[in-house]
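Structure, as structure tokens:
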Amino acid sequence: MTTTAPAPAPDAAAAAPAPAPGSSPWQLARRELRRRPAVRVSLGIVVLFVLMAVTAPWLGALGGWSPHEFDKSAVDPYLGGQPIGALGGIGPEHWLGVEPVTGRDLFARVVHGAQVSLLIAFAATAIVVVAGTAAGIAAGYFGGRTDTVLSRLMDLTMSFPSLIFMIAMLSVAKDVNRLVLMTVVIGVFGWPGIARIVRGQTLSLKHREYVDAARVGGAGPWRILTREILPGVAGPVIAYTTLLIPGMISTEAALSYLGVGVRPPTPSWGQMIAESVAYYETDPMYFVIPSVFLFLAVLAFTLLGDALRDILDPRGGRS
């Protein structure tokens, strides 16, 4: 008597609905983002922080205080400058409380700190993406000596202890624009990672039929790179760009925390956290508020980046 083996249970990938024919990567991304509640929340937080950074001057004015304005009436000089009132002075006058000793409004400083942190993160990410994509496409498409030189340059850059080198460079440079310097320094050390990703994608694309057809049709290297190769690597680049941003935010905060980043009186989340360490026992809200904003920004961008990577670059996602 013969027995029939039970059919294997379909795995999650097989059970998932197949994408509609002709769906673009952006259509797939929108469909997946609508399907994942956690990612929708993360996207909402990201949009909120971006709007906060863009409208920082108006939000600060709405609160009624400048980030550099002292309010001595909000602190008690007989208690070492501790904020007057519960939870670090939170109230109708100061929505998130005030800094000890100075009395500067935390809401205004956190909002303007978001502007500084996101500006540096986005600008440094732009440098990384442009430089890394250009180097990766050139190395993968032209090969030979070009690939060798660019690959060794990637290895050399990645071999540096980047954080220590950033601290050294930012400590030596004195009379320069700190925002521009931090953007350039962070961007210089970040491009090799995305360059390697793009190089690998380009190696798999440059011998595809449509690329060979363009080459036979008389298209030059520039046209092939911009019209045929670049759209093919756009998905992974977009996904990993979103994953780069939280790392840039954390790097800026770390450098400011160590005292080599944004200089006072310009507000920065990392700088606020560093200054609040001395008051974490007497005024814990001074430490908690910028820390929560930094945590939410990094977490939201990370979750959104993970989702975009799984959608636009499935082979690069987690198994």
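The values are calculated or read from the model by the stated rules, or taken from the named source; none is laboratory data. Fair warning: this is a prediction, and the values are worked out from it, not measured in the lab. Neighbour counts are summed over all protein chains in view; Cβ atoms, including those assigned to glycine, are modelled from backbone coordinates with ideal geometry. Surface accessibility is based on the protein's heavy atoms, side chains included, excluding ligands, DNA and RNA. Shrake-Rupley method; radii C 1.70, N 1.55, O 1.52, S 1.80 Å.
Observations, loosely collected:
- Yes/no for ARG178 being among the charged types (D, E, K, R) and open to solvent by 80 Å² or more (accessible area, probe 1.4 Å): no
- Test: residue in region 141-155 that is modelled with pLDDT of 85 or more, within 22 Å of the chain's Cα centre (by Cα) and among the aliphatic types (A, V, I, L, M): yes
- Pairs, first in a loop (DSSP other than H, G, I, E, B) in region 176-205, second open to solvent by less than 10 Å² (accessible area, probe 1.4 Å) and polar (S, T, N, Q), C-beta under 9 Å, six or more apart: GLY190/THR125
- Residue match in region 289-304 (condition: within 27 Å of ILE120 (Cβ to Cβ), free of Cβ contacts under 8 Å to residues at least 40 places away in the same chain and either in contact with a strand residue (DSSP E or B) (Cβ under 7 Å, 6 or more places away or on another chain) or not in a helix (DSSP H, G or I) (or both)): no
- Only one of the numbered conditions (1) touching a Phe, Trp or Tyr at 6+ places or on another chain (Cβ under 9 Å); (2) at pLDDT 90 or above; (3) open to solvent by 60 Å² or more (accessible area, probe 1.4 Å) is violated by TYR280, and that is (2).
- For region 295-314, the criterion of being farther than 28 Å from ASN177 by Cα and among the basic types (Lys, Arg) is met by at least one residue.
- Where GLY132 falls short, out of the listed (1) of a type outside the set (Lys, Arg); (2) open to solvent by 10 Å² or more (accessible area, probe 1.4 Å); (3) part of a helix (DSSP H, G or I): (2)
- Tally, over region 65-91, of residues that are open to solvent by 70 Å² or more (accessible area, probe 1.4 Å), closer than 13 Å to THR282 by Cβ and among the polar types (S, T, N, Q): 0
- Residue ID - least open to solvent (accessible area, probe 1.4 Å), chosen from residues in region 144-175 that are without any contact (Cβ under 8 Å) to a residue 40 or more places away in the chain and of a type in the set (Gly, Ala, Ser): ALA173
- Long-range neighbours under 8 Å by Cβ, at least six apart or interchain, first residue over 14 Å from ALA307 (Cα atoms) within region 34-50, second open to solvent by less than 40 Å² (accessible area, probe 1.4 Å) and not hydroxyl-bearing (Ser, Thr, Tyr): ILE45/ALA297; ILE45/ALA300; PHE49/ALA114; PHE49/LEU118; PHE49/ALA297; PHE49/ALA300; VAL50/LEU118
- Residue within region 283-295 that is of a type in the set (D, E, K, R) and either surrounded by fewer than 17 Cβ atoms within 10 Å (Cβ to Cβ) or at pLDDT below 85 (or both) present: no
- Residue count for region 193-251 satisfying the condition of being under 27 Å from ARG152 (Cα atoms), β-branched (Val, Ile, Thr) and surrounded by fewer than 15 Cβ atoms within 10 Å (Cβ to Cβ): 1.
- Looking only at residues in region 206-248 that are in a helix (DSSP H, G or I) and among the small types (Gly, Ala, Ser), the one that is farthest from the chain's Cα centre (by Cα) is ALA213.
- Hits in region 44-85 (condition: of a type in the set (D, E, K, R) and not in a loop (DSSP other than H, G, I, E, B)): LYS72, ASP76
- If you go through region 131-178 and pick out every residue that is among the hydrophobic types (A, V, I, L, M, F, W, C) and either touching a strand residue (DSSP E or B) at 6+ places or on another chain (Cβ under 7 Å) or farther than 19 Å from GLU252 by Cβ (or both), you end up with 12.
- Of everything listed in (1) in a helix (DSSP H, G or I); (2) in contact (Cβ under 8 Å) with a residue 40 or more places away in the chain, the single unmet condition for SER276 is (2).
- Of everything in region 92-109 that is part of a loop (DSSP other than H, G, I, E, B) and without any contact (Cβ under 8 Å) to a residue 40 or more places away in the chain, the residue that is farthest from PRO264 (Cα to Cα) is PRO92.
- For region 99-127, a residue qualifies if it is open to solvent by less than 50 Å² (accessible area, probe 1.4 Å) and either more than 28 Å from the chain's Cα centre (by Cα) or of a type in the set (D, E, K, R) (or both), and the qualifying residues are GLU99, PRO100, THR102, GLY103, ARG104, ASP105, ARG109.
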